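Heads up: the structure comes next, in C-alpha cells.
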Amino acid sequence: MTDTRIRRIDARRVWDSRGRPTVEAEITLHDGSVGRAIVPAGASTGTREALELRDGGPAFGGLDVQRALGHVRGEIATALAGRDAADQAALDRCLVELDGTPAKTRLGANATLAVSLAAAHAAAASAGLPLYRYLEGSPATTLPLPLPQIQIFGGGAHAGRRVDVQDFMVVCPGARSFAQALEWTAEVYRSAGRLMQRRGALHGVADEGGWWPDFDSNEQALQALLQAIEEAGYVPGEQVAIALDVAASEFGRGGRYRLGLEGRELDADGLIEMLLRWTERYPIVSIEDPLAEDDLQGFARFTRAVGRRLQVVGDDLLVSHATLLREAAAAGAANCILLKPNQRGTLSETRAAWQAARELGYAGIVSARSGESEDTSIVHLAIGWGVGQLKVGSFARGERMAKWNEALRIEQALGARARFAGRAVLGRSPAAP
C-alpha cells in the first residue's frame, strides 16, 4: 500500500560542475519512498529569472547556500509535512505562497526547485515508475525521444567571452534514433578537436565541455564548425545542421550590440543583417536569443524575417515564464521556448510555460545550465512532457554525459514505443500575433 504523504524533508550542500556549492533536497514519504534532486546554476542569466539564494560573505566567494538549506530544513519542511507529494500542483502552489515574492527572492529558487523536483522523484518512486513514465500520465502509444542540441565550440560567458556567440552547436535531423544522433555528434566533436589541433588552437574545453574557442571572428567559428561536419563525413543541413545560442543579452543593451571579439558595435538591424547573412551561408536551423531580452521589437523583426524556415528560440526573453511567452507571442517574437526549471523555481510553473507554448504553436527545448551536476531530471522532463528537444551542453564532461546516457537508457527501455523527434520538431512557426 502506497502512502505518498511527506514524512521528512532534508537538504545538503553538494557541489556543481564548477566546484561551487548548490542545493540537494531529499524527501522521504510515509511509505518509505525517497526522492532527491540537485539544482543547477547558470552563468548567462536573464534578469527576469527566479533568483537563487546565496549567502554572500567570504566563504566560497559569497556563493555558499547555507541560508537556502536552512529554509528547506526549516520553514519549507514544516509547511509541507504531511502533504501529498503526488499532488505536484498543490505542493508547488504551497511553495510559491510560502515564498511570497515574484522571483523567489525570500526562500530562493534553488531551495524551492530542489524540493519541487525531489517530491516528483519521491512520488514516482512510490508508484514504482521512472520519472519520465510518472510525468507522462496516461501512457501514449509512443513517446518522443528528443532531438539533442549539442555544443561543439563554447563561447560567451561559458568561455571567458573569447567569442561573443555563446554556443556553436550541432543537431542531427537526419538521424533515425537518439543513439544515432549521439554517434554522429561524437564524430563531429572529434573532428572539431582534430581541426583545432591542426591549427595549433587546441586549448581545452569551456564550461559546458565544448572546445575552447580560438578564432579571430565569430563567423570563423561557424566556418570551422561547417568544416568539422564535412570532415566527419556528414552532409551539412541534411544529416547534421548547426544551431546557435547567440545570448545577445550578454553583449547588448538598449538596442546596441558590442561585439568584443571584432571590436565593433551594431544596432539591432545591423545584428539582424549579420545573422541573416549567416543563415544564407551556413546550414543553420535554430538560433537562440538572437536579440537581447530588452529588445522585443528587434526579436520580433528577426522572427518575421526567418520564422517560417528557422527555429527562433527565446531564453532570456522568456525565462520559462508563461506570461512572458504570451506577451512575446502577441508581438510575434520567437517560435520556440527554452525551458529551464530553475528559471521559475518549481516544476509546475515550468510545465505551465510548456503548456502555454503548445497552445500558442511554439516548439520547446528543455535545457540544462552551465553549472550542472550528475542529476538527470531534465532528461525525464523532456521525454515525459513530450517536449521534443534537449540541450545539456557538449559531448564531454561527466555532468553532461550523465544526461545523454540517461536518454540512451530510456530509449532502450521504451523499445518500440520510442519515437525519435528528428527533423519534425524544427522549423515550427507560432500562431500569427
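The values are calculated or read from the model by the stated rules, or taken from the named source; none is laboratory data. All of these numbers come straight from a predicted model, not from anything done at the bench. When we count neighbours, we look across all protein chains shown, and the Cβ atoms used for this are built from the backbone with ideal geometry, even at glycine. Side chains are part of the model used for accessible areas, which takes the heavy atoms of the whole protein and leaves out ligands, DNA and RNA. Shrake-Rupley method; radii C 1.70, N 1.55, O 1.52, S 1.80 Å.
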Quiz prompt | Net charge, GLY371 excluded, C-beta distance under 11 Å - Lys, Arg +1, Asp, Glu -1 | solution = -3
Quiz item: For the range 188-262, what is the convex hull volume of the alpha-carbon atoms per residue, in Å³?
Solution: 103
Quiz item: Dipole of the range 269-411 (Lys/Arg Cβ +1, Asp/Glu Cβ -1, origin at the Cα centre): which of VAL366, PRO283, SER377 lies farthest to the positive side?
Solution: PRO283
Quiz item: Taking the radius of gyration and the Kirkwood hydrodynamic radius from Cα positions alone, what is the Rg/Rh ratio for the chain, to two decimal places?
Solution: 0.96
Self-check item: Sequence-distant residues sharing a close amide H with ALA363 (under 5 Å, placed H)
Solution: CYS336, ILE337
Exercise. Quick one: P(r) of the range 323-433 from all Cα-Cα pairs, 5 Å bins, percents rounded to integers, in order of increasing distance.
Key: 2, 11, 21, 21, 20, 14, 7, 3, 0
Exercise. Leaving ligands, DNA and RNA out of it, work out the accessible area of ARG358 with a 1.4 Å probe and give it in Å² to the nearest 10.
Key: 120
Quiz item: So what's the Cα pair-distance distribution over the range 85-167, bin width 5 Å, in %?
Solution: 3, 12, 14, 12, 12, 15, 15, 13, 5, 1
Self-check item: Within-10-Å neighbourhood charge of LEU338 [Cβ basis; K, R +1; D, E -1]
Solution: -3
Quiz item: What fraction of the DSSP beta bridges in the range 198-357 is antiparallel, stated in percent and rounded to the nearest 5?
Solution: 40
Quiz item: Where in the chain are the helices, taken as whole DSSP H runs, whose Cα atoms extend 27 angstrom or more along the long axis and whose Kyte-Doolittle mean reaches at least -1.0?
Solution: 178-198
Quiz item: So what's the gap between the Cα centers of the range 188-236 and the range 303-377, to the nearest angstrom?
Solution: 28
Quiz item: Which whole-number percent gives the relative contact order of the chain, counting Cα pairs below 8 Å spaced six or more residues apart?
Solution: 19
Self-check item: Radius of gyration and Dmax over the Cα atoms of the range 9-54, both given in Å
Solution: 13.4, 41
Quiz item: Just how much of TRP15 is accessible, in Å², when a 1.4 Å probe is used and the result is rounded to the nearest 10?
Solution: 110
Exercise. Return one quarter of the surface area of the convex hull spanned by the alpha-carbon atoms of the range 160-295, equal to its mean projected area, in nm².
Key: 8.1
Self-check item: Beta bridges by DSSP in the chain, antiparallel share as percent, to the nearest 5
Solution: 55
